[in-house]
Amino acid sequence: MAARDRELLELELEELRPGDFAVIRFGGPWPAASPPLEGFVSSPRYGDQKRIDIPCEMSEELAFFLGAYVSEGHTNHSNWSVVITNAVPEVLLRVAAAVESVFGVQARIVHPATRCSYVAIASKRLVEFIDFLGCGVRSQVKRIPAWVLRASWPHVRAFMEGLFLDAFTAWMGTTPKWGICVGSPGLLDDVQAVLTEPSWV
């Protein structure tokens, strides 16, 4: 599918010409299988850099981890670490278990005295993998990765489970309310696109 002169056209690849826009549908109807995670190339290992497994396909555990990262995580390129914060011990254990299951490394759970608890993973290769997937480094530019938006419904649902770690419920008078606060307008667009799909009904 391509856009040309404000029209959507069914075109073969060889029919595209300069000025055309390729159109890719994100969201449902969700495919039966998620696309393989192809194209990631890490920088060369050096020193005692730890080994870490990089998955070649999406899984529910990976999708949950990515959702938790987009919700409450950040990467630090100065010390090559991934940090996901949360105040609930069971959530931290769930995130740490996902890290070990997917990447084959053990995450640290840290409980500082003066700030929120967090899960920490020190791995240059993992930071590069998160960059490759397009999750975003800081809150203002976080997005649902295209790999998730093109995934099968179980994987999309698992990602949203992780993302909703930062959601809240409340009552407005007699009306129940669900909400999520994020710093990225693009991420809000992504969430809206997923939530308006009929799979949630």
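Values computed for the structure shown
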read-out	value
Subset of the stretch 75-88 that is surrounded by fewer than 17 Cβ atoms within 10 Å (Cβ to Cβ) and in contact with a strand residue (DSSP E or B) (Cβ under 9 Å, 6 or more places away or on another chain) - its residue that is farthest from residue 163 (Cα to Cα)	79
Residues of the stretch 42-65 that turn out to be among the small types (Gly, Ala, Ser) and either in contact with a Gly (Cβ under 6 Å, 6 or more places away or on another chain) or not in a loop (DSSP other than H, G, I, E, B) (or both), as a count	1
Answer from 46, 69 - the residue that is loosely packed, with under 10 Cβ neighbours inside 10 Å and of a type in the set (Ser, Thr, Tyr)	46
Residue among 148, 99 that is in contact with a His (Cβ under 9 Å, 6 or more places away or on another chain) and under 15 Å from residue 58 (Cα atoms)	148
Evaluation of residue 121 against (1) touching a residue at least 60 places away in the same chain (Cβ under 8 Å); (2) under 15 Å from residue 77 (Cα atoms) (one fails), failing number	(1)
Any hit, the stretch 63-85, residues being without any contact (Cβ under 8 Å) to a residue 60 or more places away in the chain and of a type in the set (Phe, Trp, Tyr)	yes
Subset tally (residues that are closer than 28 Å to residue 197 by Cα and at pLDDT 80 or above) for the stretch 10-19	0
Neighbours by Cβ (under 9 Å, 6+ apart or cross-chain): first from the stretch 125-150, over 10 Å from residue 75 (Cβ atoms); second assigned to a helix (DSSP H, G or I) and of a type in the set (Ser, Thr, Tyr)	142/69; 142/71
Members of the stretch 66-94 that are more than 15 Å from the chain's Cα centre (by Cα), part of a helix (DSSP H, G or I) and of a type in the set (Val, Ile, Thr)	91
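The values are calculated or read from the model by the stated rules, or taken from the named source; none is laboratory data. A quick note: this is a predicted structure, and the numbers were derived from the prediction, not measured. Note that we place each Cβ from the backbone using ideal geometry, even for glycine, and neighbour counts take in every protein chain shown.
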